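The block underneath contains the structure these notes are about, expressed in structure tokens.
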Amino acid sequence: MELVPPSGETLKNIFQSINLNTEQHRRDTELLKTWLNSQPHLPHDLDDSLLSSFLVGCKNSLERAKISLDSYLTNRTTCPDFYQHRDPCDPAFRKMSRVVRYLTLPRMTTEGYRVTIYSLVSPDTPAKDIDLCLNASKVLCSYDVRFLEDPFWAGDVIVIDSKNYTLTQLPALMVLPVLKKYIHCVTNTLPVRFKKIIFINMSPVVEIILKTIKPLLKQKIAQRIIATSEDHKFLYNHVPQDILPEEYGGKAGKLTELNDAWQLKVESYREWFLNDMKRKVDESLRPEKSKYKPKEQMFGVEGSFKTLTID
């Protein structure tokens with residue numbers, strides 16, 4: 001699958017929205033690399049395209065990009081369950097792709113937003129087939145692919161199609177310690193600006209999940225959640241119809257084909273992920289003046305809850 005880059009006009013608008021130009025971006029990428037190489041506790045072998053993504057995602061703030069990059073790399077130590085098993089060709093990883101659809105659409109919106117669709121493939125999926133930890137790893141891998149390949153975008157629109165979720169699956173979906181760490185990794189450490197999180201085909205089970213996780217989100221993100229019992233046609237108010245999958249009335253292709261193509265794209269970066277599993281943060285070498293404090297940031301993420309008990 002090819003992620004269609006922004007048009008010249010869209011790219012211009014993206015740069016203008018964060019007060020950035022090409023020369024400054026090139027210069028700041030080098031500055032971020034120099035800073036990274038000066039940090040004794042962090043790995044230094046990161047691609048320029050990934051560094052570029054952090055600058056754009058942090059709205060052209062070099063200082064914010066430094067903190068975000070530090071926290072992103074530190075996740076490999078503080079959240080090892082998500083980062084120790086990153087082989088996208090592993091049978092278990094591939095199986096999750098057949099259980100849960102997670103794909104980024106090829107084309108952007110006119111504003112320069114990337115649109116990602118998340119849905120359960122079948123309502124008959126048993127709870128034992130849903131591995132929340134592995135699914136979190138898959139999502140984080142997908143973001144890495146985007147950071148490496150697609151550094152220029154204005155924000156994310158997440159579409160969660162809720163129609164295939166059932167109460168029998170709830171225990172597998174509500175492993176609170178995993179959810180807390182997952183939310184931390186995605187919303188607190190990645191350089192992603194979530195513009196809208198849209199739930200369609202809302203069901204009682206997803207309402208329970210949403211009610212649980214909403215207090216864990218930053219207020220700004222929680223305020224951008226849109227939930228409706230309406231079907232995919234509701235999306236036309238927020239996303240150009242033609243960039244959506246055929247099942248949603250668009251022209252992007254069939255959901256199954258798009259999901260398979262996205263899995264193959266992630267697999268094409270297998271060597272990068274295998275190398276990433278070797279990246280470690282050495283906390284014993286962290287400078288005292290480091291602005292990112294893992295123990296403080298992770299406070300409250302660890303919990304004693306194992307699963308949600310349903311009365």
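The values are calculated or read from the model by the stated rules, or taken from the named source; none is laboratory data. Nothing here was measured: the structure is a model prediction, and the numbers come from that model. We place every Cβ from the backbone using ideal geometry, glycine too, and count neighbours over all the protein chains shown. Surface areas here come from the heavy atoms of the whole protein model, side chains and all, with no ligands, DNA or RNA. Shrake-Rupley method; radii C 1.70, N 1.55, O 1.52, S 1.80 Å.
Distance from the alpha carbon centroid of region 64-106 to that of region 131-175 works out to 10 angstrom. Under 5 Å between amide hydrogens, built in the peptide plane, is the criterion, and for residue 155 it picks out 114 among residues at least 5 positions away or on other chains.
Taking a cut-off of 22 Å, what percent of all Cα-Cα pairs in region 1-137 are separated by more than that? Numbers along the way, then the final one.
Values: 5133 of 9316 pairs.
Result for the distance tail: 55 percent.
The share of accessible area on the chain that comes from carbon and sulfur is 53 percent, using a 1.4 angstrom probe.
In the list [x] 30, 25, 18; [y] 36, 21, 19; [z] 33, 26, 17, the label attached to semi-axes √(5λ) of the Cα gyration tensor in Å as derived from the coordinates here is [x]. Estimated purely from DSSP H runs of n ≥ 4, each contributing -39500 (n - 2.57), the mean residue ellipticity at 222 nm for the chain is -12500 deg cm²/dmol once divided by its residues.
About the Cα centre of region 143-193, what is the dipole size in debye to 20, counting +1 per Lys and Arg Cβ and -1 per Asp and Glu Cβ, all else neutral? The partial results should precede the final answer.
Numbers: 5 positive and 5 negative charges, 55 e Å.
Charge dipole of region 143-193: 260 debye, to the nearest 20.
For a straight C-alpha distance cut-off of 21 angstrom, the lysines reachable from residue 233 (same-chain residues fewer than eight places away being disregarded) are 163, 195, 196, 251, 254. Annotation: for a label point projected 7 angstrom from Cα along Cα→Cβ of residue 291, residues of region 190-215 with backbone N closer than 19 Å are 190-193. Radius of gyration (Cα atoms) of region 49-119, expressed as a multiple of 2.2 N^0.38 Å: 1.40.
Would you mind working out the accessible area per residue for the chain, using a 1.4 Å probe, and quoting it in Å²?
Values: 14450 Å² over 311 residues.
In whole numbers, the chain has 46 Å² accessible per residue.
Rolling a 1.4 Å probe across all protein chains gives residue 264 an accessible area of roughly 110 Å². Once both labels are positioned 7 Å from their Cα atoms along Cα-to-Cβ, the gap between residue 219 and residue 62 label points is 3.2 nm. Only beta bridges with both residues in the chain are counted; by DSSP, about 25 percent of them are antiparallel.
Using the Cα centre of the chain as the reference point, and only Cβ charges (+1 on K/R, -1 on D/E), how large is the resulting charge dipole? Debye, rounded to the nearest 20. If you can, show how the numbers build up before the last one.
Working: 43 positive and 39 negative charges, 161 e Å.
Using only the charged Cβ atoms, the result is roughly 780 debye.
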